[in-house]
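The values are calculated or read from the model by the stated rules, or taken from the named source; none is laboratory data. This one's a predicted model, so the numbers in the text were calculated from it and none came from an experiment. All Cβ positions, even for glycine, are placed from backbone atoms using ideal geometry, and neighbour counts span all protein chains on display.
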Amino acid sequence: MPQTDNLHRLNERAEVDLQLIRSMMQRRVKVVPMPGWGIFAIGLIGLITAYFTRNLQSIDWIAAWGIAAIVAVSVALLISNWHIHQSGKSIYVGSYNRFWLNLLPGFFSAALLSGLLIALDHPEFLSALWLLLYGVAVSAAGSHSIPLVRWMGAAFLLLGTVSVFFPSQNLDMALGFGGLHLLFGVLITRANDD
């Protein structure tokens with residue numbers, strides 16, 4: 001019987017080891033929480049908003065872009081949840097959650113600092129702030145996704161940096177939240193055959 005007991009203990013140990021390995025692999029899986037066409041759709045929202053806000057003044061422009069951000073985030077969450085569901089994965093997978101949670105500090109900082117810039121009567125820097133902090137958020141979230149997502153974050157950081165020195169609010173927003181989303185939506189679709 002000692003040999004049977006040893007075999008049983010070995011089998012239990014192997015089962016524990018496999019669970020540990022699976023858990024570690026699941027934590028390291030790089031997810032694409034949104035298909036490329038979803039990112040493309042967000043780019044369309046950005047371009048449409050830029051078109052309709054081109055002649056708006058400060059507070060109306062800010063309000064319109066704030067509404068567009070809420071619509072874009074809502075669309076992103078809906079498409080992302082649909083995409084994950086279609087792939088047969090759980091929305092509770094660690095990488096998926098970490099992706100979205102890594103976006104939150106950048107979004108929170110953008111909201112907080114936007115209020116400060118508005119209170120200080122410097123809305124001309126809002127587009128640079130939004131582009132930079134969105135780039136930071138996407139870069140951070142991209143550490144749990146494919147490399148193209150990190151490149152998208154870097155592109156937003158670059159455009160935001162240019163926007164600091166050469167502000168052109170609506171053009172900056174159209175190029176970033178419209179153009180960069182369109183470009184990376186196509187690239188991610190091609191890379192992942194979405």
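Inclusion of A154 among residues that are of a type outside the set (K, R) and more than 23 Å from L56 (Cβ to Cβ) is warranted. Within this structure, N97 fails the test of being out of contact with any strand residue (DSSP E or B) (no Cβ under 8 Å at 6 or more places or on another chain), assigned to a loop (DSSP other than H, G, I, E, B) and not β-branched (V, I, T). Looking across A154, A110, one residue alone is surrounded by fewer than 23 Cβ atoms within 10 Å (Cβ to Cβ), under 17 Å from G66 (Cβ atoms) and under 18 Å from the mean Cα position of the chain (by Cα). It is A110. Selection of first residues in the stretch 54-78 that are within 20 Å of P123 (Cβ to Cβ) and in the same structural domain as G38 (by TED's automatic domain parsing) and of second residues that are at pLDDT 90 or above and hydroxyl-bearing (S, T, Y), restricted to Cβ pairs under 7 Å at least 6 apart or on distinct chains, gives the following pairs, ordered by first then second residue: W61/T53; A64/T49; A64/T53; W65/T49; W65/T53; A68/T49. Screening the candidates L183, L175 for the property of being farther than 22 Å from I67 by Cα and either at pLDDT 95 or above or out of contact with any Gly (no Cβ under 7 Å at 6 or more places or on another chain) (or both) yields one hit, L183.
Going by what's in this entry, would D121 be described as more than 18 Å from the chain's Cα centre (by Cα), charged (D, E, K, R) and part of a helix (DSSP H, G or I)? Criteria not met by D121. Among residues of the stretch 80-118 being at pLDDT below 85 and β-branched (V, I, T), the one that is nearest to T189 (Cα to Cα) is I84. Of the listed requirements (1) under 17 Å from A68 (Cα atoms); (2) modelled with pLDDT of 90 or more, A137 misses just one: (1). The C-beta contact set for the stretch 168-194 (first residue in contact (Cβ under 8 Å) with a residue 60 or more places away in the chain and more than 12 Å from L131 (Cβ to Cβ), second residue surrounded by fewer than 17 Cβ atoms within 10 Å (Cβ to Cβ) and of a type in the set (K, R), distance under 6 angstrom, 6+ apart or interchain) comprises N170/R54. Looking at the structure I just gave you, is A154 in the same structural domain as G176 (by TED's automatic domain parsing), in contact with a helix residue (DSSP H, G or I) (Cβ under 6 Å, 6 or more places away or on another chain) and either in a helix (DSSP H, G or I) or charged (D, E, K, R) (or both)? No: the conditions fail for A154. Inside the stretch 37-65, residues that are in a helix (DSSP H, G or I) and either surrounded by fewer than 13 Cβ atoms within 10 Å (Cβ to Cβ) or over 22 Å from the mean Cα position of the chain (by Cα) (or both) make up a count of 8. The combined condition, being touching a Ser or Thr at 6+ places or on another chain (Cβ under 7 Å) and surrounded by fewer than 21 Cβ atoms within 10 Å (Cβ to Cβ), is not fulfilled by L187.
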